[in-house]
Amino acid sequence: MKRIFYCIAAILFFQLSTRAQSYGLAFSSHEVVQEKRTSLDLTPDDSLCLAGEFTLSFDINFLPHHEIYFGYIFRIIAIGPGNEQNIDLIYNQALHAFKIIVGENFSGISFSLDSAKLFREWNRFSLHADLGAHTLRFTVNGHPVGTSPIPAIGSCLRVLWGANDFRKYRTRDIPPMEVKDIVLTGGSRHYEWPLDETTGETAADKTGSRSARVKNPNWLKPKYQHWELAGSFPINGYAGTAYNPKQDKLYIAGNDSIAAYTFTKDGLATEWIPTRHIEFLVGHQNIYDTLTDHLLDVFIDRKTVSAFNLATRQWDQNFNYGPLTEYWHANKFLSPGDSSLYIVGGYGQLRYKNLVQRYHIPTHRWDTVKTTGDYLPPHYLAALGANEKFAYILGGYGSHTGDQMLDPRNYYDLFRFDIKHHSFKKLLTLKTPAYPYTLANSLILAPGGNWYGLIFPNDSYNSQLQLVKGTLTDSAYQPVATPIPYNFHDIQSFADLYYSPLSNKLIAVTLFHSKYTADNQKDKNTQVRIYTLSYPPEPAGRATANLTPTPARRSAWTPIIGIGLLLLITVAALSLRRIRRRKSATAASTATSAPAGATTPAAIAAPAIAAPEPPAPHIEEEDTQQPIAGSPPSTIYFFGPFQTLDREGHDCTRLFTPLLKELFLLITTYTIRNGRGISSEGLNEILWHDKSEKDAKNNRSVNLAKLKPILEKIGTISINKEAGYWQLQTGDDIFLDYKRFSTILLETTTPDTHGIHALIDIIRRGPFLFQTEYNWLDDIKSAVSNDIIDRCLQFLRLHGTTANPEFIIEIANCIFFFDQLNEDALTIKCKSLIHLKRHNLASNTYLKFAKDYKDIYNAEFSRSFQQIIA
């Protein structure tokens, strides 16, 4: 049994030690439809010319749990005078081998990697091409794996990763892989793409000279910064949680069933195991015994440990009603050295505990361990992590005497418990925070003396779990990743933290038990939430939980200042009223054409106290599109139908001919997407591909000249050529909704209430460039749609769907703009309508969705209305 435990510990340590860089790009592969597969183009606008020789290096690994791994890692298209030659790196799944292909022939370079390295570690691949000597050389992790001759090829390259649409080299066959730290060198040129972005479809070159373009990106960095809600459900009874690292399986045990979650490439695979109905005792805990491969249920007060038999689907002991536990939130760990389960601390009956209790698994005997060394204060709500020699206990809440009435406090001490000698040693005290906190039940021990734990304020119901990282030798610690919502109501709540070695993730579980009494423990349930985060976690900046709130201070001058402000506002309001009266009297004698009640962009944006405004311009009655509240009068809309409004609010859209419109949209979208614009060659290829270079240049010059006066009429807006790229430049008097949309997405990766309202204000006009169709625009529309849907659903996952049902319905409607058959939006909208007692509207929404589904897929929608609103 000890060997088994040490093997598991070795796996855990190995996994925690590897893949320490938390960024890169994951490629969607055969598990999705062809249109959703990932592509990376290092040369999106034109070829990259490198003289003499070049080297392409990168880090790569494969994603586990997939069925198909065949496909192209990259395709290099070498372009020379009158000829093109492809150099491909491909993975042959049947032979478990990587191969280099030149043209239509296999080269002499072929190699394989150990599956443990390929799937669990980053591997450094490097391709060196000597164009003068006509040779290729390939190395893996610094070791040569082969050389091969190549024919004479051109020195201008197109470098394509994964799926691509480049002429005859187009492909959708790609392996499920992750790539990072791409370096391309040749001669005096050097480019680096770390692929450390968090959002968007552009990958920056560290040298700043060349950005890559990504389609259907799966950026890895956010997975290390943002917890993902992987599961949420109620379960009958006072549930417990345990984790089996050998099978990567999480157990949630309820009164009549056990939910077994296995972590896969798609998130979680759930198996519900029905059990004979039992009544878990309030305050029990679960743990998975890796020594005997059993799920255990522990009730400390009665000194009972019950094992679950997967074959008979029964617990081997009956659960009788018992007294309320005296060991709430006790810590526990398994020791392979003496085949025992240890229990430390706890709380109950107004007393905190510091007992160390031991259950010997082979003999089923309990005893209380006599400890030596430093004094461990009685406490609960601490975190514990153990290895084969020591258990580390961090923090908690208790008192020096154990009596709840005698000076209870938060503790921030780190103790080490020697399992063999049963002695405690106080290692350090964490830096005292400005706001007190306690910890979730487990501490994750990582290599290098590091640890991870979940802290939370224990004096608030609407609390948050914040992941923090510290060391066993330093009192400092830092928050990492975003916070997790956590309803804390003392003994009704429980939180735990696990590490999954196979999927390389941290797992957080929160349990909230319905209210109980000592006399009535039946007919209760537990709300379960499961969150996952890729390991190792990264700091998330401003998104971390605020654990140091500063109370507002009321100054003695506050009443005086308030009275002064009130008088100032009153005087200003009276002055403004007199001004408006004089203005109205003047306007009444001259204004005859402006319709009553007309509202202009200037009026919408005007502050409460301002100088007199000029008369409102005339707006045609059929012009129903108004700029977003607060926007300047010169406005360009990309969401909904394309529309432009000049300084006076007049519609200028009709001034754009079809060609001028496409030219303007091309330059604008490329400027906003990559910050650089589009080259002349890129414009020629899209708009004038059938013309000679000279004719294309003439057409470009003529149409740019025609576009200039139209843009000047709209406002301070121009098209200029910078560093070889045509780009749009706008002044502060221009509101461009697509630019604002991109800014909102870049401001934060975690949507807050302010950000989502700003986003909805933009997209409520309709889909991106509605009724505007170009081949080059399809990918951009798809990317915008994905960004909006992901951001809206992420907001709903983080903030819930019950606080403001009217606004939630509007979010769902906006999702439908971009995906009319989005089942998440259907569920959210129907539930919100039910919450507002609009049952008929909810039913009609479902019926319309089902009809559209059948019209498109020629199949019945599989989920019933009752399932949607359940």
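The values are calculated or read from the model by the stated rules, or taken from the named source; none is laboratory data. Please read these numbers as outputs of a predicted model, since none were measured by experiment. Cβ: placed from backbone, ideal geometry, glycine included. Neighbour counts: every protein chain shown. Surface areas here come from the heavy atoms of the whole protein model, side chains and all, with no ligands, DNA or RNA. Shrake-Rupley method; radii C 1.70, N 1.55, O 1.52, S 1.80 Å.
Key figures for this structure:
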read-out: Computed over the stretch 357-421, Cα set: Rg, Dmax in Å; value: 13.5, 41
read-out: Long-range amide H partners of GLY240 with built H, under 5 Å; value: ALA253
read-out: Distant-in-sequence amide H partners of GLY677 (H built 1.01 Å from N, under 5 Å); value: THR671
read-out: Relative intensity, log₁₀ I(q)/I(0), of the stretch 724-870 from a Debye sum that treats every alpha carbon as a point, q = 0.16, 0.20 Å⁻¹; value: -0.94, -1.30
read-out: The stretch 175-313 - convex hull of alpha carbons, volume per residue in Å³; value: 179
read-out: Under the Karplus curve 6.51 cos²θ - 1.76 cosθ + 1.60, θ = phi - 60°, whole-Hz ³J(HN,Hα) for the stretch 363-368, x wherever Gly or Pro sits; value: 9, 6, 10, 9, 7, 9
read-out: Of the chymotrypsin sites (Phe, Trp or Tyr not before Pro) in the stretch 437-474, those whose Cβ has at most 14 other Cβ within 10 Å and which sit in DSSP loop; value: TYR461
read-out: Semi-axis lengths (Å, descending) of the ellipsoid that matches the C-alpha gyration tensor of the stretch 80-223; value: 24, 21, 16
read-out: Gap separating the Cα centres of the stretch 786-851 and the stretch 93-114, nearest whole Å; value: 49
read-out: Table column - 3J(HN,Hα) (Hz), the stretch 91-102, Karplus curve with 6.51, -1.76, 1.60, x for Gly and Pro; value: 10, 9, 5, 4, 9, 6, 9, 8, 9, 9, 10, 10
read-out: Protein accessible area in the stretch 632-727, 1.4 Å probe - carbon and sulfur %; value: 50
read-out: Cα gyration tensor category, rounded, prolate or oblate, for the stretch 149-191 with a/c compared to 1.5; value: oblate
read-out: Theoretical FRET efficiency, 1/(1+(r/R0)^6), r = Cβ-Cβ of ILE834 and ARG764, R0 30 Å, to 0.05; value: 0.85
read-out: Calculated Rg and Dmax of the stretch 100-183 using C-alpha coordinates, Å; value: 14.2, 38
read-out: Stokes-Einstein D in µm²/s, Kirkwood radius over Cα pairs - the stretch 249-314 at 10 °C with 1.306 mPa s viscosity; value: 124
read-out: Nearest-0.05 FRET efficiency for ASN141 and PHE106, computed from C-beta distance (R0 30 Å); value: 0.85
read-out: ³J(HN,Hα), Karplus 6.51/-1.76/1.60, whole Hz, each residue of the stretch 644-660, x for Gly, Pro; value: 10, 10, 7, 4, 9, x, 7, 6, 10, 4, 5, 6, 8, 6, x, 5, 5
read-out: Accessible-area value, PHE119, 1.4 Å probe, nucleic acids and ligands omitted, Å²; value: 50
read-out: Chain lengthening between TYR435 and ALA152 when straightened (0.36 nm per residue, less Cα-Cα); value: 95.0 nm
read-out: Loop-located trypsin sites (Lys or Arg not before Pro) in the stretch 401-469 whose Cβ has at most 15 other Cβ within 10 Å (DSSP); value: LYS420, LYS431
read-out: Computed label-point distance, nm, for sites ASP752 and SER209 using a 7 Å Cα→Cβ extension; value: 4.0
read-out: Within the accessible area of the stretch 211-306 (1.4 Å probe), percent carbon and sulfur; value: 46
read-out: Sequence-distant residues sharing a close amide H with ILE150 (under 5 Å, placed H); value: THR135, LEU136
read-out: Computed lengthening from ASP690 to ARG654, 0.36 nm per intervening residue step minus Cα-Cα distance; value: 10.2 nm
read-out: Shape call, the stretch 317-376: gyration tensor on alpha carbons, a/c limit 1.5; value: oblate
read-out: The stretch 440-494 versus the stretch 670-700: alpha-carbon centroid distance in Å; value: 54
read-out: Residues THR473 and ASP407, FRET efficiency given R0 of 25 Å [Cβ-Cβ distance, rounded to 0.05]; value: 0.25
read-out: For the stretch 622-770, radius of gyration divided by Kirkwood radius, i.e. Rg to Rh on alpha-carbons; value: 0.99
read-out: The stretch 721-781 shape via C-alpha gyration tensor axes, a/c threshold 1.5; value: oblate
